[in-house]
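Take a look at the structure set out below.
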Amino acid sequence: MEQYDLIVLGGGPAGYNAAERAAHGGLKTLLIEKNALGGVCLNEGCIPSKTLLNSAKMYDHARHSEQYGVTAENVVLDHVKVVARKKKVVKTLVTGVAGKMKRAGVKVLSCGGEILGKTESGIEVKAGEETYLAKNLLIATGSTAVVPPIPGLREGLAAGFVVTNHEIFDLNELSKKLVVIGGGVIGLEMASYFNSAGSEVTVIEMLDHIAGETDREISKLLLEAYQKKGVAFKLGCKVTGVEQGKVLYEENGAKAEAAADVVLCSIGRRAVTTGYGLENLGVYLERGAIKTDEQMRTNISGVYAAGDVNGVSMLAHTAYREGEVAVNTMLGKPDRMRYCAIPGVIYTNPEVASVGETEASAQKKGYDVGVVKMTMRASGRYIAENEGGNGICKIVYDKRYHRVLGVHMIGGYPSESIYGAAMMIETEMRIADLKEIVFPHPTVCEVIREALFEID
Ligand code: NAI
């Protein structure tokens, strides 16, 4: 039986990054992935969506550039070409991950792995015809889209007119009428692309607001921006059924329907905990996900879980870090996973980026909460580049200890600057010290600095 220091099950961001770090740290590492390396993020999530959204952004810029003194005629977005480019981008990156594994000395198996159990000699995992033995196992099997038992939804998925993130990036024809069930991150990003590309888009969301836990004022600005672009939102509405050509829902107790040639189901994701012998280890689950501690350990010694499968924060960047914490723990290096400063971004146009507490969550936790708000128009760069833009930056802070608790932005490209705010929170710097940091000028992120100066 071939022996390893570490077997990683799942080659997404948690798994491949951990495998690389482990190999660099001197652990003999085996990575088992049954689909393409890169996982959901690279193949049917973060990267495909950003590729599509970039084409939409270019198209929007070209069509609405007169106010900047630029006129373009006969501008066309060719969805088939956009999808073809997406495939090229994904292929490049998947090949890149394979190269990384090779350079690090990680052995990669392209097949399903099955956990057989744990004995005194280690954890046994079967892959293909072979059984492998390891001192440590990192479970990084990710998550899958939730498809609830709404009448007709699963049948629609089988028939192909209902899609999840698994299918939507490969649609060869642009949807004419797209209905999105769920106004969360996936729903909004896809509504954004298809709206720009020319589809008629309706988002049905059961809450009275979009974008989940996002600062309410910011989610309202995003809603207004998309309503202005022509996306229809049915808020506080419950989907009751899906049929070929339409989605049935309830609005204020009355029956209603929305026409659709494609229906996107984006109502959340669940951890993948079945189909690979997890039950043979006796790993504890909590709310359907693998329960882990701050070192990403499960209740079984030598067995770790990182990424979406532990259900804590279903984001690729969290997964990277969790995988690193697990590997450091295996290597005996002190490390601990902290979730207080994990940025979240919605890559719509305008973009939304936030990190840390919102006013509501900070109040719930009992902080002495202060809030300052700054218009993005305080930035010369924003005005130069965003005709008529109404973005804002909000800072939530702790009045008692003079620390930043959260930063929330809409407008400009806050995805590129939010890590700076994450550092302010993670390092618990005092606001007086933050005011001494020099920001580049002219940049949109200067609004963070301006907002800090609103705090006494
Ligand atoms: P989500 O949890 O973000 O949003 C789901 C939405 O669906 C919620 O607003 C919920 O109220 C609504 N909903 C639930 N059941 C419903 C029903 N029956 N009818 C109508 N609305 C209903 O889930 P989403 O968008 O599927 O994203 C899944 C995960 O993927 C998230 O954890 C997210 O963090 C991650 N993701 C992150 C991205 C990013 O960082 N930019 C991009 C895409 C996904």
Could you tell me whether any residue of segment 30-53 is free of Cβ contacts under 8 Å to residues at least 60 places away in the same chain, touching a helix residue (DSSP H, G or I) at 6+ places or on another chain (Cβ under 8 Å) and farther than 25 Å from C111 by Cβ? yes
Among F194, F233, the single one that is at pLDDT 95 or above, away from the ligand (no atom under 13 Å from the Cβ) and surrounded by 17 or more Cβ atoms within 10 Å (Cβ to Cβ) is F194
List pairs: first residue in segment 426-453 and at positive phi, second residue loosely packed, with under 13 Cβ neighbours inside 10 Å anywhere in the structure, Cβ distance under 9 angstrom, at least six positions apart or on different chains. E428/Y401
Selected residue (only one of N17, N74 is of a type outside the set (K, R) and under 28 Å from the mean Cα position of the chain (by Cα)): N17
State yes or no: is K177 within 15 Å of the ligand (Cβ to nearest atom), over 20 Å from V345 (Cα atoms) and among the basic types (K, R)? no
Of the listed residues (N136, N165), the one being surrounded by 20 or more Cβ atoms within 10 Å (Cβ to Cβ), modelled with pLDDT of 95 or more and within 16 Å of the ligand (Cβ to nearest atom) is N165
Which numbered condition E426 misses (of (1) under 16 Å from V355 (Cβ atoms); (2) crowded, with 18+ Cβ neighbours inside 10 Å): (2)
So A211, is it in contact with a Ser or Thr (Cβ under 8 Å, 6 or more places away or on another chain), within 11 Å of the ligand (Cβ to nearest atom) and within 30 Å of V372 (Cα to Cα): yes
Of the residues in segment 285-329, those that are surrounded by fewer than 22 Cβ atoms within 10 Å (Cβ to Cβ), within 12 Å of the ligand (Cβ to nearest atom) and not hydrophobic (A, V, I, L, M, F, W, C) come to G311, S313, H317
Meets criteria (without any contact (Cβ under 8 Å) to a residue 60 or more places away in the chain and over 24 Å from V163 (Cα atoms)) for K220: yes
Given the criteria in contact (Cβ under 8 Å) with a residue 60 or more places away in the chain, basic (K, R) and more than 16 Å from the ligand (Cβ to nearest atom), does K86 qualify? no
Tally, over segment 1-37, of residues that are in contact with a Lys or Arg (Cβ under 6 Å, 6 or more places away or on another chain) and either within 16 Å of the ligand (Cβ to nearest atom) or part of a strand (DSSP E or B) (or both): 3
Only residues that are within 11 Å of the ligand (Cβ to nearest atom) and either part of a strand (DSSP E or B) or farther than 20 Å from I210 by Cβ (or both): list them for segment 243-270, please. V247, Y249, E250, L264, C265, R269, R270
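The values are calculated or read from the model by the stated rules, or taken from the named source; none is laboratory data. A quick note: this is a predicted structure, and the numbers were derived from the prediction, not measured. Note that each Cβ is placed from the backbone with ideal geometry, even for glycine, and that neighbours are counted across all protein chains shown.
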